[in-house]
């Protein structure tokens with residue numbers, strides 16, 4: 001097993017943590033590791049999964065662009081790799097078993113996107129930890145479904161500012177806005193809290209995979225959301241932040257994603273990301 | 001000498017299954033249309049400032065297809081600001097009405113270059129979601145003896161004596177012809193792939209075709225309109241057609257047109273404008289006609305419209321080499337052939353909407369491009385496209401390949 005630690009306890013709860021070997025980190029290594037670990041989870045007799053922070057957050061080992069192997073790959077190759085990664089995370093969140101993220105370290109960018117595929121997120125309440133999707137600073141939008149899941153989780157009104165400003169939040173603040181569901185004071189309690197939730201929620205699934213799920217606040221067709229969408233481009237223009245083109249792409253991908261189903265939204269997210277990646281915007 | 005209207009080019013997107021699992025579901029209607037406008041521009045090295053009007057058929061012009069989808073898409077495509085544009089709705093005839101209207105504009109001399117076509121994303125903007133007093137206002141519904149189209153199609157089948165076996169056989173033939181034509185590349189000339197913002201292909205072929213369709217498989221499907229008929233619409237139909245004792249519900253999803261997404265556009269102009277822009281006419285629009293027939297049976301318009309357009313053109317049925325009769329329902333085309341004694345070899349030779357789908361507002365332009373491509377492939381001269389239309393209307397257009 002490369003890439004993920006895999007530890008199963010007596011209650012059949014498996015704890016996986018991304019622990020990539022030394023050397024360059026790329027979307028390919030993450031994708032391959034995810035594929036292996038999810039295949040094992042799918043074939044194993046498992047009561048639930050804890051996905052925990054690794055030894056070292058990979059945001060500190062590779063930039064978002066490096067993760068995507070830019071500029072070595074073609075647009076099509078990047079798109080196809082993203083599609084493969086997204087399929088793996090869909091498999092994880094639709095495993096049919098509860099999946100809980102246990103966040104004990106910084107969780108930024110792609111790492112937090114993986115945690116967003118969990119059904120429940122517990123974090124250590126350390127004020128120095130940072131949580132969020134800051135891709136906008138690199139001229140990108142989230143690559144692993146993070147944009148879409150944030151919109152489906154929080155609704156357009158709450159998700160858009162977080163995405164457009166690339167906000168990094170302390171665990172406490174992240175819990176307030178809904179990125180984190182639960183805080184523990186002591187890192188030693190993290191795993192046990194995660195496992196407690198698994199035992200209490202054996203039938204857990206993503207809210208958006210349940211029948212009749214509605215995005216909080218409504219789709220772009222809802223009159224209040226429509227009103228927000230009408231003025232959003234003008235607000236971005238007036239602000240005229242250096243990251244405006246990226247913020248515009250985030251707005252478009254988020255709104256378009258909220259008009260369709262999750263799988264289509266994930267494709268739309270990739271298409272906007274690939275365009276940004278190759279648009280020559282500054283890293 | 002009378003001014004003529006010429007077709008310089010005709011292109012269309014492939015038709016995607018009009019459901020969430022259809023390939024074009026992720027594509028916004030404005031993008032579907034603006035992309036095909038860009039393709040038309042590119043293929044013809046078209047100076048868009050020369051286009052005077054853009055006419056786009058769209059049958060459910062609300063929400064993402066609302067406002068004026070034609071002008072919005074022209075702007076989104078980066079077309080010159082001088083291009084005027086509007087959306088029209090003549091139900092299923094919309095795409096062909098756009099063509100006929102463009103031809104009238106050109107022939108009148110008031111305009112020299114017009115783009116006509118249609119768009120419909122049935123996966124994103126559901127058919128009927130725009131509401132209509134014909135069904136939703138009881139007073140109107142009662143006074144006009146409204147019945148759903150499917151019951152009308154079953155009424156035609158009953159009056160004509162078409163059995164379930166007959167309409168299924170027609171449908172199977174549509175599938176076989178469409179699969180063969182698609183495989184042999186007969187649609188390649190007018191088909192432009194739908195691509196994403198990176199140029200990556202989203203869909204390049206008509207994905208609704210079922211190559212593996214069989215009579216046995218189709219026989220399993222329940223009639224789509226039996227319940228509606230039983231609820232009372234049969235009674236309304238029988239009041240108008242007292243010679244019948246009952247309606248035989250033969251239409252199912254397999255022998256009715258498919259719900260799909262798609263767009264099509266046709267570049268139409270005068271001879272002088274074509275010369276000035278270096279555009280070679282592919283066809284002349286000989287004549288166009290609309291009419292209307294008994295509204296409860298609703299779908300018998302193609303016969304009347306065909307007779308009318310032939311009269312306008314001073315032509316006879318024998319002059320027409322190929323017919324495209326929209327396969328809204330199998331019985332519609334079968335009745336058309338029986339009424340006018342048109343042989344199978346001339347009708348929908350590459351399949352139709354039963355196999356490939358009926359993107360409501362776009363279909364008229366789609367089938368006109370199909371008949372033009374086939375006239376060119378066969379070196380034949382005259383083609384006629386016709387559709388049945390809500391409210392009892394019918395539309396028809398004759399083109400001459402050049």
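Where a number appears in this text, it was derived from the coordinates with a stated rule and is not lab data. Every value quoted in this text rests on a predicted model; they were computed, and no experiment measured them. Cβ: placed from backbone, ideal geometry, glycine included. Neighbour counts: every protein chain shown.
Among A:211, A:12, which comes first, then next, by fewest other beta-carbon atoms within 10 Å?
Working: A:211 4, A:12 13.
Lowest count first: A:211, A:12.
Ratio of chain B's C-alpha Rg to 2.2 N^0.38 Å, to two decimals?
0.93
How high is the FRET efficiency between residue B:275 and residue A:278 when r is their beta carbon distance and R₀ equals 41 Å, given to the nearest 0.05?
My answer for the efficiency is 0.50.
Starting from a Cα-only point model with no solvent, please compute log10 I(q)/I(0) by Debye for region A:83-158 at q = 0.25 1/Å.
Normalising to I(0) and taking log10 leaves -1.30.
Antiparallel DSSP bridges in the protein assembly as shown: what percent, to the nearest 5?
55 percent
Using alpha carbons only, how many degrees (0 to 90, rounded to 10) separate the axis of helix A:156-165 from the longest principal axis of chain A?
90 degrees
Assuming R0 = 25 Å, what is the FRET efficiency of residue A:40 and residue A:200, from their Cβ-Cβ distance, to the nearest 0.05? Each step should come with its number before you reach the end.
Details: r = 25 Å, r/R0 = 0.99.
E between residue A:40 and residue A:200, to the nearest 0.05, is 0.50.
Give the Kirkwood hydrodynamic radius (Å, one decimal) of chain A, defined as one over the mean of 1/r across all pairs of different Cα atoms.
Working: mean 1/r = 0.0527 Å⁻¹.
Computed over chain A, the radius equals 19.0 Å.
Per residue of chain A, what 222 nm ellipticity follows from adding -39500 (n - 2.57) for every DSSP H run with n ≥ 4, rounded to the nearest 500?
It lands at -14500 deg cm²/dmol.
Looking only at Cα atoms, what is the convex hull volume of region B:342-402 per residue, in Å³?
Convex hull of Cα atoms, per residue: 95 Å³.
Could I have the simple spin-label model distance between residue A:234 and residue A:77, label points 7 Å from Cα toward Cβ, reported in nm to one decimal?
Placing both labels 7 Å along Cα→Cβ, they lie 4.5 nm apart.
Which of the peptides B:211-224, B:29-42 is most tightly packed, and how do the rest follow, going by the mean number of other Cβ atoms within 10 Å of each residue? Working shown, then result.
Values: B:211-224: 13.7, B:29-42: 22.9.
Ranked by mean Cβ neighbours within 10 Å, highest first: B:29-42, B:211-224.
Using only Cα atoms, tell me the angle between helix B:363-378 and the longest principal axis of chain B; keep it within 0 to 90° and round to the nearest 10.
Between helix and principal axis, roughly 70 degrees.
For residue A:211 and residue A:47 in one chain, what is 0.36 nm times their gap in residues minus the Cα-Cα distance, to one decimal in nm?
Full-extension gain reported as 56.7 nm.
Using only Cα atoms, tell me the angle between helix B:94-108 and the longest principal axis of chain B; keep it within 0 to 90° and round to the nearest 10.
40 degrees
Summarise the partner chain shielding of B:63-71 as one whole number: the mean count of Cβ atoms from other chains within 10 Å of each residue's Cβ.
Mean partner-chain Cβ count within 10 Å for B:63-71: 1.
What nm value, rounded to one decimal, do you get for the distance between residue A:224 and residue B:318 when each label is placed 7 Å out toward the C-beta?
7.2 nm
Treat each spin label as a single point 7 Å out from the Cα along the C-beta direction, and report the residue B:145 to residue B:380 distance in nm.
3.6 nm
Between residue B:75 and residue B:345, 0.36 nm times their residue separation minus their Cα-Cα distance comes to what?
Numbers: separation 270, 0.36 × 270 = 97.20 nm, distance 4.25 nm.
My answer for the length gained is 92.9 nm.
Taking 0.36 nm per intervening residue step and subtracting the Cα-Cα distance, what contour gain separates residue B:239 from residue B:163 on full extension? Before the final figure, lay out each step's value.
Numbers: separation 76, 0.36 × 76 = 27.36 nm, distance 2.20 nm.
Difference between extended and current length: 25.2 nm.
Across peptide B:194-200, what mean number of C-beta atoms from other chains lies inside 10 Å of a residue's C-beta?
Details: counts 0, 0, 9, 9, 14, 3, 8.
Taking all residues of B:194-200 together, the mean is 6.
Counting only Cα, what are the radius of gyration and maximum Cα-Cα distance Dmax of region B:287-359, in Å?
12.2, 33
Along its principal axes, what span do the Cα atoms of region B:1-50 show, with the longest given first and each in whole Å?
If we take the Cα atoms of region B:1-50, the spans are 52, 22, 15 Å.
Please sort A:219-229, A:26-36 by packing, taking for each peptide the average over its residues of neighbouring beta carbons within 10 angstrom, highest first.
With the highest mean Cβ count within 10 Å placed first, the list reads A:26-36, A:219-229.
For the protein assembly as shown, state what percent of all Cα-Cα pairs lands in each successive 10 Å bin, counting from 0 Å until the bin that includes the largest distance.
Pair shares across the bins are 3, 14, 22, 20, 16, 13, 8, 3, 0, 0.
What is the order of A:197, B:110, fewest Cβ neighbours within 10 Å to most? Intermediate results must be reported in sequence, preceding the final value.
Working: A:197 21, B:110 10.
Ranking A:197, B:110 by Cβ neighbours within 10 Å, fewest first, gives B:110, A:197.
How much FRET efficiency would the formula 1/(1 + (r/R0)^6) give for residue B:219 and residue B:47, where r is the Cβ-Cβ distance and R0 is 45 Å, rounded to 0.05?
0.25
Need one value for B:21-27: mean number of C-beta atoms belonging to other chains within 10 Å of its residues' C-beta atoms.
On the way: counts 3, 1, 1, 0, 6, 12, 4.
For peptide B:21-27, the averaged partner shielding equals 4.
Just B:259, B:202, B:285 to compare: in a GNM of chain B, with alpha carbon springs under 10 Å, which one fluctuates most?
Checking each option, the largest mean-square fluctuation is seen for B:202.
Arrange the following residues from fewest to most other Cβ atoms within 10 Å of their Cβ: A:61, B:124, B:107, A:81. Spell out each step's value before the answer.
Values: A:61 15, B:124 24, B:107 18, A:81 21.
Lowest count first: A:61, B:107, A:81, B:124.
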